[in-house]
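Single-structure report; data block below.
Laboratory data are not the source of any read-out in this text; all were calculated from the coordinates shown. The structure presented is a predicted model; accordingly, all values stated were derived computationally and were not measured. Ideal geometry is used to build each Cβ from the backbone, glycine not excepted, and the neighbour counts take in all protein chains shown.
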């Protein structure tokens, strides 16, 4: 193959990758409701535990959120073909879910966890998933969320009870609820634009 | 019209399949890092067990980072032509890079704040490695790597409920199977592919 032919192939490949990234980010925005759902589930579990002192608040909230996510996700994905980027992002989130669902109940039941370790580890794992997805989709807003999670993870190790809770609740609010609503609005705008353009 | 859609779908599927094959091969070319980090974990565990020096893990991990980075730089310089990054390659890189940053922040923070013990350490590291191996294995549809993820997840649960000895034993076994054995397997897989390509060229 000639040099210009190789350059052309590289250029075409780059254009394809760019379009796949744009498509991946767009499809990720359609999942904005998941962030909001999990943000609300986390807040509910925290408040339920703090105010109601109910020991099963976390398992009930997490299982309910998992079932709701699975049911709604199956209905949403049934009609759409999967892209490579979509598969990449979903594999990160699915394995994050499996890891968390194994780690936290095991640590909790064996009595090896306290609120600081729980917040620190949960924030670090969420930071990992957000960062991996953000690097892949080249999405600055999501990367900013990863930085917030990592900040919350380190702060939970050194801070006192109330400030740690405030930082964690703020991280949930910004990185799950605000980011999720932002994704839903972006998706709604893009859909409206598509409808106008026919 | 229907024929065109079928053709487009077929092209897309072929592209995805070729990307997966390429991604698996790229992972194979990084097989040495699995072995390298497996050996680094063993060095750190051995050092801590025999010397009881509290900084053994930190020093070993930092030294491993520097050596790993130097080897990668050296390899990149020796390569005659840079190949462009594929989507799957970027996905795998982003997963492992994000895991590295998360562990590099979380583990020293937990250690310096005195909130650590052996069980929590093994449970966290195993859960994170299960996540990264699982994500990569699902993406590449690579059963061996998905099996590695399961081994790490089992290690997570055993670390929480087992005794000190069981926790150490399961961690050593998981490192051997998922880092050393899987790393060597990936290296053999890649060298076989390279030899096949050379024969066909």
Rounded to the nearest 10 degrees, the helix B:182-200 long axis (Cα) sits at an angle to the longest Cα principal axis of chain B of 20
Plugging the Cβ-Cβ distance of residue A:22 and residue B:78 into 1/(1 + (r/R0)^6) at R0 = 56 Å yields, to the nearest 0.05, a FRET efficiency of 0.95
Rounded to two decimals, the Debye log10 I(q)/I(0) of the range A:104-198 (Cα scatterers, no solvent) at q = 0.23 Å⁻¹ is -1.11
Expressed in angstrom and ordered largest first, the alpha-carbon extents of the range A:24-197 along the principal axes are 55, 29, 27
Per residue of A:158-165, other chain Cβ atoms within 10 Å number on average 1
Taking A:188, B:37 and counting other beta carbon atoms within 10 angstrom, the fewest-first order is A:188, B:37
Quick shape check on the range B:1-64: root eigenvalues a ≥ b ≥ c of the Cα gyration tensor, a/c under 1.5 is rounded, otherwise prolate if a/b tops b/c, else oblate, and it reads prolate
When B:120, A:94 are ranked with the fewest other C-beta atoms within 10 Å first, the list becomes A:94, B:120
Computed over the range A:90-132, the distribution of all Cα-Cα distances in 5 Å bins, rounded to whole %, is 5, 22, 29, 24, 13, 6, 1
Protection proxy (average C-beta count within 10 Å per residue), highest first, orders B:168-174, A:175-181 as A:175-181, B:168-174
The equivalent-ellipsoid semi-axes of the range A:1-104, taken as the square roots of five times the Cα gyration tensor eigenvalues and listed largest first in whole Å, are 41, 14, 11
Cα-based Rg then Dmax for the protein assembly as shown, in Å, read 22.2, 72
Packing-ranked peptide list from B:9-18, A:150-159, highest mean Cβ count within 10 angstrom first, is A:150-159, B:9-18
Most packed first (mean Cβ within 10 Å per residue), the peptides A:99-111, A:65-77, A:132-144 order as A:132-144, A:99-111, A:65-77
For the range B:35-134, the Cα convex hull volume per residue in Å³ comes to 107
Between residue B:59 and residue A:6, Cβ-based FRET efficiency (R0 35 Å, step 0.05) works out to 0.15
Rounded to one decimal in nm, the spacing of the 7 Å Cα→Cβ label points at residue B:15 and residue A:197 is 1.8
Note: B:139-151 gets an average of partner chain Cβ contacts (10 Å, Cβ to Cβ) equal to 1
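If you rank A:194, A:23 by fewest surrounding Cβ atoms within 10 Å, what's the result?
A:194, A:23
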With bins of 10 Å, the percent of all Cα-Cα pairs of the range B:98-172 per bin from 0 is 21, 42, 31, 5
So the angle from the long Cα axis of helix A:84-109 to the longest Cα principal axis of chain A, reported in degrees to the nearest 10, equals 10
Under the rule rounded for a/c under 1.5, else prolate if a/b exceeds b/c, else oblate, using alpha carbon gyration tensor axes a ≥ b ≥ c, chain B is classed as prolate
Between residue B:113 and residue B:143, the FRET efficiency computed from the C-beta separation at R0 = 51 Å comes out, to the nearest 0.05, as 0.80
A correct Kirkwood calculation over the Cα atoms of the range B:135-174 returns a hydrodynamic radius in Å of 10.7
